[in-house]
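Read the figures in this text as sums done on the coordinates, not as results from a lab. Computed from a prediction, not measured in an experiment: that's the story for all the values here. In this analysis, Cβ positions are derived from the backbone assuming ideal geometry, glycine residues included, and neighbour counts consider all displayed protein chains.
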Amino acid sequence: MFTQLPPALHVALFFSVFYFLAALLTGVWKWRAMLAAENGQAHTYIDIAHHAALHYGPFILLAGALASFWPFSSVLPAWILVEIMGWTMVLSLSRYIMLGLQGTTNNQLHKATFASSFGLIFFFFGSVIPGTLIAVGALIGLWDNLPGVPF
């Protein structure tokens, strides 16, 4: 039986499934890399990819839950913001996986390239700004339904 979800939460759940699977697969990859390494540690970007997958799943779910309280549906639908954030995180995670597969660096910003500089700008506009808009919208949407008079 399928329950009707708010669109933003539906989008967030879609992305959380991806991050759940990515966390499982990168966890196996990290474990194998740790077994193969002389010092018992996986490459830096294998570790980062695993942790990013673990963190992005709950983060996007929280964003979707908060976006469900979006009060400005005619201005910019909250599900668009969640989708933008989801794809930004997919691209970030893909970059970490690529760097882990290459194994050539442990700091992608040590010698900044166009990709690393653009990535930071892309992440800011794709996650930080939409995330801030979702948080502000949720605060405004939740304010009217606070129990009692908090302030």
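Given the criteria part of a loop (DSSP other than H, G, I, E, B), touching a residue at least 24 places away in the same chain (Cβ under 8 Å) and either touching a Phe, Trp or Tyr at 6+ places or on another chain (Cβ under 7 Å) or crowded, with 20+ Cβ neighbours inside 10 Å (or both), does Trp79 qualify? Judged against the criteria, Trp79 is not a match. Condition check: buried (at least 21 other Cβ atoms within 10 Å of the Cβ) and not hydroxyl-bearing (Ser, Thr, Tyr). Does Trp31 satisfy that? The answer is no for Trp31. Are any of the residues in the range 99-108 over 20 Å from Leu133 (Cβ atoms) and in contact with a Gly (Cβ under 9 Å, 6 or more places away or on another chain)? Within the range 99-108, one or more residues are over 20 Å from Leu133 (Cβ atoms) and in contact with a Gly (Cβ under 9 Å, 6 or more places away or on another chain).
Screening the candidates Tyr56, Tyr45 for the property of being touching a residue at least 60 places away in the same chain (Cβ under 8 Å) and part of a helix (DSSP H, G or I) yields one hit, Tyr45. Of the residues making up the range 91-112, not a single one is surrounded by fewer than 12 Cβ atoms within 10 Å (Cβ to Cβ), aromatic (Phe, Trp, Tyr) and free of Cβ contacts under 8 Å to residues at least 60 places away in the same chain.
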